[in-house]
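S.K.: Handing you this structure, nothing more for now.
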Amino acid sequence: MECVVQGIIETQHVEALQVLLQGLCGGRQEKLKIHEICLKSGTNLGVEASEVHLLCSLSQTDPVWTVRHVGGPMRGAGAEQLPAHVRSVLESSISSNALRFFYALGYKMDYELVRIGYVFQFQRVVPITVTATMLCKVPKLHAIDEAIPVTPGIQLVELTAPASTENYSEAVGAISSFAEHLAPLIHLSKPGVPTGVVPTASTAAASLVSRGAMKVS
C-alpha cells in the first residue's frame, strides 16, 4: 500500500521548490527520467479491466524496467475524511522484453509518456518520496526522443509514502505534515481533486531563490 497526494506547480517556480526541498531533505536530489507505458487487459483476461504500467528508468547508465499495478483508493467513511489517498500498489523488477510478454497475455497499449524531473527522499515517521516531473507525450510508438510536454509550463508534484493496514494513518499524517511545508508554493491534495496554482507562489518563490543564492555565495 501507499499514501499519495499531488498538485501542480509552474515551471518557473520549480527552482524555488528545489531550494525548499533541499533544506527539508538534506539536499538528496536525483534526476528522474522515466519512459512509462500503460497497458490495459484484453477481453480474454476477465470482465474487470486490468491496467499495468511498465516503467523504464532512463536516468541510469543501464535502463531498468519495472512493472507497477496501482489499485483504487481505500473506500469507506473513514477513508473519505483522510487528506491523502491510500491505495494498493504492486511493483516488481522485469526484463526489457516484458512488453512482448504482456502483449502475449492479451494486454493492449493505452498510452505512453516520458516523465522528466527530479526526486527527493525524506525520512520522518515513514520514508517520503517527493517527485516533480514534466509529463511528455510520445508522438510515435516508442519515439521517446521526440516526446513533447503535455502541459508546457506546468509540472506535476507527487508525495508518496509506503503504508500498511496497520500504519496507514501514521503515513497519511506524515505526508500531510510534510505537505504543509510546501504550502507557500503548491497545494497538494488527493489525486483527481483539482488544486490549481497557489496565488502566493510567485512571492514565496522569489524569497526562496534569493535565500538559496545567499547560501551559495
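The values are calculated or read from the model by the stated rules, or taken from the named source; none is laboratory data. As the structure is a prediction and not an experimental result, all values here were calculated from the model. Positions of Cβ are backbone-derived with ideal geometry, glycine not excepted, and every protein chain shown enters the neighbour counts. SASA here: full protein model, heavy atoms, side chains in, ligands and nucleic acids out. Shrake-Rupley method; radii C 1.70, N 1.55, O 1.52, S 1.80 Å.
S.K.: Please find, within region 22-37, the residue that is most open to solvent (accessible area, probe 1.4 Å) out of those that are basic (Lys, Arg) and in contact with a Phe, Trp or Tyr (Cβ under 7 Å, 6 or more places away or on another chain).
M.R.: Step one: list which residues in region 22-37 are basic (Lys, Arg), which gives 28, 31, 33.
Right, trim to in contact with a Phe, Trp or Tyr (Cβ under 7 Å, 6 or more places away or on another chain) and you get 28, 31.
On the way: Arg28: 135, Lys31: 171 Å².
For region 22-37, the residue satisfying everything is Lys31.
S.K.: So, in region 17-48, exactly how many residues are under 30 Å from Ala204 (Cα atoms) and either basic (Lys, Arg) or at pLDDT below 75 (or both)?
M.R.: Restricting attention to region 17-48, the residues satisfying the condition of being under 30 Å from Ala204 (Cα atoms) are 17-34.
The next check asks that each one be either basic (Lys, Arg) or at pLDDT below 75 (or both); those that pass are 27-28, 31, 33.
Residues meeting the conditions: 4.
S.K.: Take the residues of region 48-64 that are polar (S, T, N, Q) and in contact with a strand residue (DSSP E or B) (Cβ under 8 Å, 6 or more places away or on another chain): which is most open to solvent (accessible area, probe 1.4 Å)? First the steps, then the outcome.
M.R.: Of all residues in region 48-64, those polar (S, T, N, Q) come to 50, 57, 59-61.
Those left that are additionally in contact with a strand residue (DSSP E or B) (Cβ under 8 Å, 6 or more places away or on another chain): 50, 57, 59.
Numbers: Ser50: 33, Ser57: 22, Ser59: 60 Å².
Across region 48-64, the extreme among qualifying residues is Ser59.
So that you can scan it fast, the table gives a plain yes or no per residue for (1) among the hydrophobic types (A, V, I, L, M, F, W, C); (2) more than 17 Å from the chain's Cα centre (by Cα):
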{"site": "Ala49", "(1), (2)": "yes, yes"}
{"site": "Ser57", "(1), (2)": "no, no"}
{"site": "His69", "(1), (2)": "no, no"}
{"site": "Ala77", "(1), (2)": "yes, yes"}
{"site": "Glu80", "(1), (2)": "no, yes"}
{"site": "Val86", "(1), (2)": "yes, no"}
{"site": "Leu90", "(1), (2)": "yes, no"}
{"site": "Ala98", "(1), (2)": "yes, yes"}
{"site": "Lys108", "(1), (2)": "no, yes"}
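S.K.: Taking interchain pairs and intrachain pairs at least six residues apart, which have beta carbon atoms under 6 angstrom, with the first residue in region 71-86 and part of a helix (DSSP H, G or I) and the second loosely packed, with under 14 Cβ neighbours inside 10 Å and of a type in the set (Ser, Thr, Tyr)?
M.R.: No pair meets every condition.
S.K.: Take region 5-21 and flag every residue that is crowded, with 21+ Cβ neighbours inside 10 Å, aliphatic (A, V, I, L, M) and assigned to a strand (DSSP E or B).
M.R.: Across region 5-21, the qualifying residues are Val5, Ile9.
S.K.: Return only the number of the condition from (1) in contact with a strand residue (DSSP E or B) (Cβ under 8 Å, 6 or more places away or on another chain); (2) under 23 Å from Val193 (Cβ atoms); (3) surrounded by fewer than 11 Cβ atoms within 10 Å (Cβ to Cβ) that Ala84 does not satisfy.
M.R.: Of (1) in contact with a strand residue (DSSP E or B) (Cβ under 8 Å, 6 or more places away or on another chain); (2) under 23 Å from Val193 (Cβ atoms); (3) surrounded by fewer than 11 Cβ atoms within 10 Å (Cβ to Cβ), only one is false for Ala84: (3).
S.K.: Which residues, taken from region 87-98, are open to solvent by 80 Å² or more (accessible area, probe 1.4 Å) and in contact (Cβ under 8 Å) with a residue 24 or more places away in the chain?
M.R.: We begin by selecting, within region 87-98, every residue open to solvent by 80 Å² or more (accessible area, probe 1.4 Å); these are 90-91, 93, 96-97.
Result: Glu91, Ser93, Ser96.
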